[in-house]
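The values are calculated or read from the model by the stated rules, or taken from the named source; none is laboratory data. No experiment lies behind these values; they were computed from the predicted model shown. Cβ: placed from backbone, ideal geometry, glycine included. Neighbour counts: every protein chain shown.
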Amino acid sequence: MNRFAAVAAACMTLTFAAATPLALADPPVDPAADPGPPPDNGVVASAEPGVVTSPDGWTLTVVAKDETQLPVAPLTTAVSSREYLVGGTFTGTVTGSGKTSLNGGTLEAGYQIGCGIELGQVRLIGQAGVNVGGLSFPATGPVFAPALSFPLSGTIEIHPKPGTVSTVTVDKKTFKAAPVRVTLKDTHIKVDGCVGQSFIRSYATLTSSTTDTDDIVAYYGVTKSV
């Protein structure tokens, strides 16, 4: 009986040891295996075209493609300046069988830059004074030793204002007959006085003219936060 119990205990011990998983150490992490997010190349998606049909029967379309918006360090190195390197192709067309004669029009392309907080008034408040002293009363009698001091103090007051939207027109093309196109490549635009987060988007406005009318359609690109 004791021999049977010893054999059974040995079998149970062997089975338990075989079922125990082996503890393996985590493999070392290679820093080169995780390069992180890729750098911003400035490429942005274009929004849907702007389309309108005039009461005269003309269809105006303005579209953009190959847009880029890359934030760069301002040449002034001022922390309140925002500068971007932008590009894109903006095209306007006028199609259809209108009842009036077209006299051409314009295609304007540019960018709108929104600033979360705008730098308002900055004031420097200072005070200066002159102190004269040095009179003492020792046991031998009063003694006057001239002493001068010039205390200075100052404070800086900054008054931020709610953010604003700045419109930067890059080009305005006049045409006699559509289609009309404006292409931008590596164009610098900037705004000053911005101390908060900034936002940028492209825009293009197509104007088609007749003798007595102007029809306008606008395109607004995808907003990019910086």
_Members of region 195-207 found to be under 16 Å from T106 (Cα atoms) and in contact with a Phe, Trp or Tyr (Cβ under 6 Å, 6 or more places away or on another chain), listed by number_ = Y203, A204
*Which one is modelled with the highest pLDDT among residues in region 92-138 that are among the β-branched types (V, I, T), closer than 26 Å to P71 by Cβ and surrounded by 11 or more Cβ atoms within 10 Å (Cβ to Cβ)?*
I113
_I need the full set of residues from region 42-98 which are on the phi > 0 side of the Ramachandran plot and charged (D, E, K, R), in order please._
D66
*Could you grab me the full set of residues in region 168-197 that are of a type outside the set (V, I, T), surrounded by 20 or more Cβ atoms within 10 Å (Cβ to Cβ) and under 30 Å from T77 (Cβ atoms)?*
L184, C194
*Out of all the residues in region 209-220, is one or more surrounded by 15 or more Cβ atoms within 10 Å (Cβ to Cβ), in contact with a Lys or Arg (Cβ under 9 Å, 6 or more places away or on another chain) and more than 16 Å from S80 (Cβ to Cβ)?*
yes
*So, in region 165-213, of the ones that are out of contact with any Leu (no Cβ under 7 Å at 6 or more places or on another chain) and aliphatic (A, V, I, L, M), which residue ends up nearest to V226 (Cα to Cα)?*
I200
*V222 being at pLDDT 95 or above and over 22 Å from the mean Cα position of the chain (by Cα)*: no
